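The values are calculated or read from the model by the stated rules, or taken from the named source; none is laboratory data. Just so you know, these numbers come straight off a predicted model, no measurement behind them. All Cβ positions, even for glycine, are placed from backbone atoms using ideal geometry, and neighbour counts span all protein chains on display.
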Amino acid sequence: MAKIDAFFQLMHEQGASDLHLVSGQQPVIRIRGDLERIKYDVLTNESLKLLLYEITPENKIKVFEETGDVDFAYEIPGLARYRANFFQQKYGIAGIFREIPSTILTCEQLALPPVCAKLAQLPRGLILVTGPTGSGKSTTLAAIIDEANRTRKDHIITVEDPIEFVHQSQSCVVNHREVGVHTKTFSSALRGALREDPDIILVGELRDLETISLAVEAASTGHLVFGTLHTTSAPKTVDRIIEVFPSSEQMQIRSTLADGLRAVIAQVLFKRVDKKGRCAAMEILIATSAVRNLIRESKTFQIPSMMQTGKKYGMQLLDDAIMDLVNKGWISGEEAYNKANDKSKFRQLLKNPPTDFTEA
């Protein structure tokens, strides 16, 4: 057993999502969104390097020492998998670990809106799950892929950096590919995937023009493609995809995206006040014919009003989802106010509403 495994065991027992090991500081874990220090000696660069290198593959050590950054996955059988990121900072080496549970929760267990499970049954198209880092995008995607894995008879290919949730083949055949281990880049894996008879393709992150272009193309040629982006709302996600392309190509990509897009889920995580744990508020955009027309005509600013009238299709605005969580008694009014888009709707929930300088 590696020495660092004791920290992972503590994480698991405390229900922590992340472990921060930084030279010059005590270890820190993130519990329900808040960082808490562990009673332990301050880590020196030398002691931490020994701790981290014990579990790091040789090729990843080489990459880290050449570039100052590296990502990889580490697994403790019977406990969990961990997404690791090492980087160099002012006082030496640092390592951040995100726990990836070995058990994949279903859409029902996560209390996801019913439309999420329906997305797993679509024959083709592009589905994007977006939100800030640590907002639960991977967990939501894993639940939707699990739904497909249990109910369809298809070929699923995932391309990630590194591999996070591991799906055992059930009714589907599932192949996991890791960037840097099984393929050089997301784009080369996507190009290869089109020749590997896939029905469903999961792209861990749509990082650059080439990857986004290939994902949109795959969705337009009969595949069901899932991907993630770091955007905060459904309309902004559509804009981000289009803005990646040169201005000369944007009219064409608007048309292609309008044809291929099926749904955008933008989510934010909240700390629950009724019990231990966290829950997600989701903004859901379903690409109806009216929404597709808005994308083609460069009128994405009208999408929110379309979402307000599209509840029968499963659409919802983020602020409506947040208010629903408040009404259920799951989250506090203060946190709802802090993370809402239109804060004026939530001021009434606060005893002493602050002066919001961002609205000045």
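Remarks
- Single residue of segment 47-97 satisfying the filter (of a type in the set (Asp, Glu) and in contact (Cβ under 8 Å) with a residue 24 or more places away in the chain) that is surrounded by the fewest Cβ atoms within 10 Å (Cβ to Cβ): GLU54
- Just so you know, in segment 160-178 the residues that are of a type in the set (Val, Ile, Thr) and assigned to a strand (DSSP E or B) include one that is farthest from the chain's Cα centre (by Cα), and it is VAL173.
- Pairs with Cβ under 8 Å, 6+ apart, first in segment 118-144 and on the phi > 0 side of the Ramachandran plot, second aliphatic (A, V, I, L, M) and in a loop (DSSP other than H, G, I, E, B): GLY125/ALA287
- Residue count for segment 98-115 satisfying the condition of being crowded, with 20+ Cβ neighbours inside 10 Å and out of contact with any strand residue (DSSP E or B) (no Cβ under 7 Å at 6 or more places or on another chain): 2.
- Residue in segment 179-187 that is crowded, with 17+ Cβ neighbours inside 10 Å and in a helix (DSSP H, G or I) present: yes
- Among residues that are farther than 25 Å from GLU243 by Cα, assigned by TED's automatic domain parsing to the domain that holds VAL264, in contact (Cβ under 8 Å) with a residue 40 or more places away in the chain and not in a helix (DSSP H, G or I), ILE322 is not included.
- The strands (runs of 3 or more DSSP E) falling completely within segment 12-114 that include 1 or more residues that are of a type in the set (Gly, Ala, Ser) and touching a Gly at 6+ places or on another chain (Cβ under 8 Å) map to 16-22, 80-89, 92-101.
- Of all residues in segment 8-29, those satisfying the criterion of being touching a residue at least 60 places away in the same chain (Cβ under 8 Å) and buried (at least 16 other Cβ atoms within 10 Å of the Cβ) are PHE8, MET11, ALA16, SER17, ASP18, LEU19, HIS20, LEU21, VAL22, SER23.
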